[in-house]
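A quick write-up on the structure given underneath.
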Amino acid sequence: MSDRSSILSHVDTVVVKVGTSSITGGGNSVSEIFMDSVAKQVKELRDMGKKVLIVSSGAIGVGLAAMNAKPKPKEIPIRQAAASVGQGILMQKWNESFEKQGLLVSQILLTYDFYSDREKYLNLRNAIQTLLAYGVVPIINENDVICVKEIDAMFGDNDTLSAYVCSKMDADLLIILSDVEGLFNKNPKIHADAEIVPVVDDVSSVMAMAGDPTSRVGTGGMKTKLRAAEICHEAGCYMIIAGCDIPDVIVRAVRGEGIGTIFLPGEKERKKSRWIKAAYAKGSIIVDAGAADKLRQGDVSLLAVGIRDVIGRFERGDVVNVECSGKVIAKGIPDYDSEDIFKIRGIRSDRIEAVLGHKSYDDVIRSENLVLM
Ligand code: GLU
């Protein structure tokens, strides 16, 4: 393995994700000791010249405990209500812990559509960059009050959310603190000789090790952590999964000590491609097998001739899925709206003007606006 401290020496911006079970210490209320320790370590990183963002879970868990509510697994509104109670308590506690270090915190609640609308995404970036420039520590969570499990436009778990934050904000390293100490080569709850995998080069090679979610309190198990690792890999960020109980875990992980599992980044994708991949699709363009093959072979622009159908209503400039046989093969930003695409489906590009009375481009989705999934 290459020396962790040298590969992490360039790290400038760090996202630290803390899970519900870390924040509550497995109990019902927040663990001040843990939060104080996170704040102290963030201060240390700041003194080392690093920028730090926190993704904090715990709103629902803390809110449920405060309301003395014990919902059934599928009861959603009580979780929304609990998030609204718990988020306030959570921020109050974070504020107290960071105040002891002389640091100001800010609250950012995200929903998936922050990433589906490029303007909102850029606004978010500007806000976060300004907060960091002023030395504020942004504390991010999903807006669980309005994001419910039935709606697919949500992250649903903060592992994925933190990976998107890391990728979008051009951070270099995501540290996921968890009651799980890293990725094990077999289930540690069953096999006493299970060992932590120290380095993962290519996350796709270890997806099978995910098993089932192990923690009852948060929503993130190893599956969501490996999904987060995939997002980081694609975005060119490092990711470390480490046990929240390890003393000074954040600082030691950043310094490159061999803690937990480190996932190495792949080649960095273009920012626009990453944004398109993460964006919420407003509709779908259904293509035939021939067009799908061409796209897969690297002919990365979509022509009207291969389009069979259009699902949903969308404007030009919205992000849409490109589907074939029920599978999303690409995502992109079309230069025509859904109505026009429906009218020109299956025809050659030189007939677009005759059918529509106008023409933007030969391609329905130009190559620079299309990414394969
Ligand atoms: N956003 C949820 C909360 O704050 C936690 C989601 C998760 O456990 O990943 O309670």
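Of the set (1) more than 21 Å from ASP245 (Cα to Cα); (2) surrounded by fewer than 23 Cβ atoms within 10 Å (Cβ to Cβ); (3) not small (Gly, Ala, Ser), all apply to VAL199 but (1).
Could you please let me know if VAL254 is over 19 Å from VAL14 (Cα atoms) and assigned to a helix (DSSP H, G or I)? In short, no. Looking across the range 112-146, the residues that are in a loop (DSSP other than H, G, I, E, B) and in contact with a strand residue (DSSP E or B) (Cβ under 7 Å, 6 or more places away or on another chain) come down to VAL136, ASN143.
Those helices (runs of 4 or more DSSP H) of the range 272-357 in which at least 3 residues are among the aliphatic types (A, V, I, L, M), considering only elements entirely within it, cover 289-296, 352-356. Tell me yes or no: at least one residue of the range 3-24 is out of contact with any strand residue (DSSP E or B) (no Cβ under 6 Å at 6 or more places or on another chain), surrounded by fewer than 23 Cβ atoms within 10 Å (Cβ to Cβ), among the hydrophobic types (A, V, I, L, M, F, W, C) and under 16 Å from MET239 (Cα atoms). Yes, that holds for at least one residue. Look at MET91 and say whether it is at pLDDT 95 or above, buried (at least 19 other Cβ atoms within 10 Å of the Cβ) and of a type in the set (A, V, I, L, M, F, W, C). Judged against the criteria, MET91 is not a match.
Counting the residues of the range 44-58 that are closer than 14 Å to VAL15 by Cα and part of a helix (DSSP H, G or I) gives 2. Counting only residues that are within 21 Å of the chain's Cα centre (by Cα) and either within 13 Å of the ligand (Cβ to nearest atom) or small (Gly, Ala, Ser) (or both), the range 44-78 holds 8 of them.
Of all residues in the range 13-26, those that are modelled with pLDDT under 90 and more than 14 Å from the ligand (Cβ to nearest atom) total 1. Is there a residue in the range 68-80 that is modelled with pLDDT of 95 or more and part of a helix (DSSP H, G or I)? No: the range 68-80 contains no residue that is modelled with pLDDT of 95 or more and part of a helix (DSSP H, G or I).
If the condition is being at pLDDT 95 or above and of a type in the set (S, T, N, Q), then the range 27-45 contributes SER37, GLN41. Has the range 311-318 got at least one residue that is closer than 27 Å to TYR112 by Cα, at pLDDT 95 or above and in contact with an Asp or Glu (Cβ under 6 Å, 6 or more places away or on another chain)? There is no residue in the range 311-318 that is closer than 27 Å to TYR112 by Cα, at pLDDT 95 or above and in contact with an Asp or Glu (Cβ under 6 Å, 6 or more places away or on another chain). Scanning the range 207-222 for residues that are away from the ligand (no atom under 12 Å from the Cβ) and either at pLDDT 90 or above or under 19 Å from the mean Cα position of the chain (by Cα) (or both) yields MET207, ALA210, MET222.
The values are calculated or read from the model by the stated rules, or taken from the named source; none is laboratory data. Here the structure is a predicted model, which means the values were calculated and not measured. Counting neighbours? That spans all protein chains shown, and the Cβs are built from the backbone with ideal geometry, glycine included.
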